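Step one of this worksheet: look at the structure below.
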Amino acid sequence: MVKNQRNSHEPILKMFLFFSELLGRSVIDSQGEPLGKLADLKAKLGDPYPKVVNLIVKQRRERKPLALDWSGVQSLNGNIISLKQDAQKILGSLEVKEDEILLREELLDKQVVDTYGAKIERVNDIHLLIAEEELHIVHVDFGIRGILRRLGWIKAIDSITNWLFAYQFAEKMISWKYVQPLASHPQKKNLKLNVTLRRLHEIHPSDLADIIEELDQRNRSTVFKSLDLQTAAQTLEEVDPKLQLSLLESSPVELASDILEEMAPDEATDLLADLPEEKKLKLIETMEKPHREKLEELLKFKEGTAGSIMTKDFISIEEGKTIGAAIEEFKRTTHPLETISYIYVIDKEGHLLGIITLRNLLLCEKEVPLSKLMKTHLIKVHPEDDVKKVAEIFKKYKFLALPVVAEDDFLQGIITLRDVVESEYI
């Protein structure tokens, strides 16, 4: 049974300690003979507060450390870790499974994703709890106190700051259940995900983009590849343009093309336009036919024109239909919200005839024909119009979207207010 450091005859019910306080402690058997020093701890992931399962002991003349089950620990007294009788007989070779992590090797001084604050922190120490004879990870220490503690300066610095300023550095810790560490072990599938309050895909894409931008190149790619397609696409749209190409090029071709298919067509087109020609063609060829055709059409337009920033994501419906039919079409769409502010009424050949607003859908009877409600006096732009001209139209009329039509009023796409605001050409 693990005993208190102050009195080896009293069992510990609960005791907090830091990983840095355990590292390097001498490990002795029940007869007081030294076995080695504590080099690491191994924990099993999956619970909100993972349990430590092994002590990693480094013996003086042995190159490889050995693993000892935590249940073999008798007491923690001063700088000594004492083992139960015959516990040393269960010393075995070190093996790390996919659902396990080495605290010193894979967590200490490494970056972690704080999924509660949606940011990156560096681990300076690890806060542990002994409860009911088990040792658990409870917090990650990312403050300056963690560094001072490891250097052995914490008491001296506290004395100085208390004497000079009546102040001491505050503890800065994150509860483990809000943390996802970036693992380096090649068998850990790049990202080790534990049970957290918020999964990566639940973090807003803008916050995820901030996280990815703060990481080094290897970990940046690791996090990005771990995301599901939809989250990866939304995050890529928010990442700094300088990093977008790097993330896309670091992904396998099939994955990269799948992500592009999930992105808004205009966003995907902007990305493809900046890629080397060979890479661009390879990605386009890998895409499903409908997505490929959309992007190939958009890529034809010169940069800085309305056609280069328009999207093919919009709702169109033939003029003979009713409000009810338009509502059903609206229910089936998966287009982004900003692209479906208006529904475009077309003839059988695809020529633009009018526009229906969402207000019409909500307030009118389902049997009402679209032709009775649609607005026919329309402000339109041509694919070759300059983006600055398009921006002036948005500024003047306060539209949420504008239709892009060819000379014969054939509807080719739409431009949203967001497309214009984010354009680099205004």
Going through the range 312-356 in order, the residues found to be under 26 Å from Asp419 (Cβ atoms) and of a type in the set (Ser, Thr, Tyr) are Ser316, Thr333, Thr334, Thr339, Ser341, Tyr342, Tyr344
Scanning the range 402-418 residue by residue, those assigned to a strand (DSSP E or B) and of a type in the set (A, V, I, L, M, F, W, C) turn out to be Leu402, Val404, Val405, Phe410, Leu411, Ile414, Ile415
Restricting the range 370-401 to residues that are outside any helix (DSSP H, G or I), without any contact (Cβ under 8 Å) to a residue 60 or more places away in the chain and of a type in the set (A, V, I, L, M), the one surrounded by the most Cβ atoms within 10 Å (Cβ to Cβ) turns out to be Met374
For the range 247-271 the number of residues that are in a loop (DSSP other than H, G, I, E, B) and without any contact (Cβ under 8 Å) to a residue 60 or more places away in the chain is 4
Among Val52, Val57, the single one that is among the β-branched types (Val, Ile, Thr), farther than 17 Å from Leu128 by Cα, assigned to a strand (DSSP E or B) and assigned by TED's automatic domain parsing to the domain that holds Leu23 is Val57
Reported set for the range 196-225 where residues are closer than 21 Å to Leu255 by Cβ, of a type in the set (Asp, Glu) and at pLDDT 75 or above is Glu213
- request: Within the range 295-306, identify whether any single residue is within 33 Å of the chain's Cα centre (by Cα), crowded, with 21+ Cβ neighbours inside 10 Å, on the phi < 0 side of the Ramachandran plot and among the small types (Gly, Ala, Ser), and answer yes or no.
  value: yes
Here the residues within the range 161-183 that are buried (at least 16 other Cβ atoms within 10 Å of the Cβ) and either in the same structural domain as Lys44 (by TED's automatic domain parsing) or not small (Gly, Ala, Ser) (or both) are Met173, Ile174, Trp176, Lys177, Tyr178, Val179, Gln180, Pro181, Leu182
- request: Might you check whether a residue that is touching a helix residue (DSSP H, G or I) at 6+ places or on another chain (Cβ under 8 Å), touching a residue at least 24 places away in the same chain (Cβ under 8 Å), assigned by TED's automatic domain parsing to the domain that holds Phe18 and hydrophobic (A, V, I, L, M, F, W, C) occurs anywhere in the range 118-136?
  value: no
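The values are calculated or read from the model by the stated rules, or taken from the named source; none is laboratory data. Remember, it's a predicted structure, so these values are computed and weren't measured experimentally. Cβ coordinates were reconstructed from backbone atoms using ideal geometry, including for glycine residues, and neighbour counts include every protein chain displayed.
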